Amino acid sequence: MITLPELTPLENTLWLTLAGKALDYQAEHPILRDKTAYDVVTKLGYDAGQFKLSASPVVGIAHRSLVMDDIVRRFVARHPGAVGLDLGAGLDTRVHRVDPPATVEWYDVDLPGAATARRLLLPERPHAHTIGADLNDAHWLDEIPADRPAVIVADGLIGFLSKEELATLLDRLISHFPSGEICFNGYTRFHVWAARKYAGTRSVAPYLRSPGFDTPQDIERLEPRMKLVREIFLGREPEVARYPWTTRLASFLTAWSTFLSRKGTAVQHYRF
Ligand SMILES: C[S@@+](CC[C@H](N)C(=O)[O-])C[C@H]1O[C@@H](n2cnc3c(N)ncnc32)[C@H](O)[C@@H]1O
């Protein structure tokens with residue numbers, strides 16, 4: 001039997017996305033197909049249904065992870081000596097899904113309790129490291145090589161950072177590496193408002209600190225060394241064909257409009 005550390009409420013937000021990925025695995029037409037996420041949930045006897053996630057958030061969680069996996073795959077194909085970073089990694093299994101070559105050093109960073117849970121629950125692999133640290137601390141980057149291009153993912157993280165914390169984090173990352181790419185799911189003011197208004201008490205809403213950034217240009221203004229590669233609206237991607245019909249219909253009705261698409265899930269992809 002595995003004894004997990006006591007997690008803080010902020011660390012406990014990792015269960016929501018893990019549950020989403022496990023539910024996607026069981027869906028009729030899975031998007032991410034993350035068997036390890038499903039296995040972890042099953043092994044723990046964790047009730048993935050407790051969040052009462054409807055089809056829309058499940059496909060959103062799975063699809064945004066798929067899009068970010070793809071960005072990582074393409075980057076490491078072009079930069080086999082890269083460093084990969086997953087910030088606020090929780091129990092996400094990206095390094096296993098992407099399976100980068102052994103020339104890539106991979107770092108999953110999360111708060112200490114979440115990092116311990118990772119070490120206990122997820123399979124180890126060579127060249128993959130777990131760092132238990134608060135991303136707002138100044139020194140967690142010290143142990144990461146600074147002379148290699150980096151691909152950096154923050155999947156489900158930036159909503160938990162204040163504007164100042166995000167600006168400081170981006171500044172530290174971009175100052176540390178010679179070049180690289182960063183991607184994350186966008187958190188607009190609408191998302192912050194909707195999470196606070198509609199989400200239940202088990203949700204992430206109480207821990208959201210972001211004011212919300214409505215456009216990728218808001219992020220470029222926050223950190224001018226970041227240049228947008230692409231804003232990827234999930235509702236316009238081919239995987240929509242695998243969505244349950246209600247979510248597919250909602251995507252169809254909103255995909256024509258950038259304004260409406262930003263109310264759904266978008267992945268923002270930058271280079272520096
Ligand atoms: C919603 S979960 C997402 C987990 C994972 N990325 C995924 O997609 O399944 C948010 C994660 O961010 C982590 N987190 C939030 N603020 C953090 C901080 N200041 N430093 C490190 N990790 C943080 C939490 O501990 C949690 O694991």
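The values are calculated or read from the model by the stated rules, or taken from the named source; none is laboratory data. What you see is a predicted model, and the numbers here were worked out from it, not measured in a lab. Every residue, glycine as well, gets a Cβ built from its backbone with ideal geometry; the counts of neighbours run over all protein chains shown. Quick note on the areas: whole protein, heavy atoms, side chains included, nothing else; ligands and nucleic acids left out. Shrake-Rupley method; radii C 1.70, N 1.55, O 1.52, S 1.80 Å.
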Go through 189, 225, 196, 148 for me and flag whichever is touching a Phe, Trp or Tyr at 6+ places or on another chain (Cβ under 9 Å) and under 30 Å from residue 48 (Cβ atoms).
189
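Determine whether residue 272 is at pLDDT 95 or above and not acidic (Asp, Glu). Step through it out loud before you land on a result.
On the way: at pLDDT 95 or above: yes; not acidic (Asp, Glu): yes.
Yes.
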Residue, most open to solvent (accessible area, probe 1.4 Å), within the range 14-29, restricted to residues that are away from the ligand (no atom under 11 Å from the Cβ) and in contact (Cβ under 8 Å) with a residue 24 or more places away in the chain
28
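Which of the residues that make up the range 76-93 are more than 12 Å from the ligand (Cβ to nearest atom) and surrounded by fewer than 24 Cβ atoms within 10 Å (Cβ to Cβ)? Explain how you work it out, then say what you get.
Step one: filter the range 76-93 for residues more than 12 Å from the ligand (Cβ to nearest atom), giving 76-84.
Hits for the range 76-93 are 76, 77, 78, 79, 80, 81, 83.
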Flag if residue 115 is assigned to a helix (DSSP H, G or I) and open to solvent by less than 10 Å² (accessible area, probe 1.4 Å):
yes
Tell me which residues, restricted to the range 30-50, are among the hydrophobic types (A, V, I, L, M, F, W, C), surrounded by fewer than 22 Cβ atoms within 10 Å (Cβ to Cβ) and farther than 17 Å from residue 117 by Cβ.
none
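Let's see how each residue does on (1) surrounded by 16 or more Cβ atoms within 10 Å (Cβ to Cβ); (2) at pLDDT below 95; (3) more than 22 Å from residue 225 (Cβ to Cβ):
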{"position": "156", "(1), (2), (3)": "yes, no, yes"}
{"position": "162", "(1), (2), (3)": "no, no, no"}
{"position": "172", "(1), (2), (3)": "yes, no, no"}
{"position": "180", "(1), (2), (3)": "yes, no, no"}
{"position": "196", "(1), (2), (3)": "no, yes, yes"}
{"position": "206", "(1), (2), (3)": "no, yes, yes"}
Return yes or no: is residue 96 out of contact with any Leu (no Cβ under 7 Å at 6 or more places or on another chain), away from the ligand (no atom under 14 Å from the Cβ) and open to solvent by 40 Å² or more (accessible area, probe 1.4 Å)?
no
Considering residues that are more than 14 Å from the ligand (Cβ to nearest atom), outside any helix (DSSP H, G or I) and without any contact (Cβ under 8 Å) to a residue 60 or more places away in the chain, the number found within the range 146-185 is 3
Considering only the range 186-209, state which residues are within 18 Å of the chain's Cα centre (by Cα), within 22 Å of residue 15 (Cβ to Cβ) and not in a helix (DSSP H, G or I).
187, 203, 204, 208, 209
Being touching a residue at least 60 places away in the same chain (Cβ under 8 Å) and of a type in the set (D, E, K, R) is the filter; apply it to the range 213-255 and report the residue that is nearest to residue 162 (Cα to Cα).
237
Does residue 109 qualify as being open to solvent by less than 10 Å² (accessible area, probe 1.4 Å), within 13 Å of the chain's Cα centre (by Cα), of a type in the set (Val, Ile, Thr) and near the ligand (Cβ under 9 Å from one of its atoms)?
yes
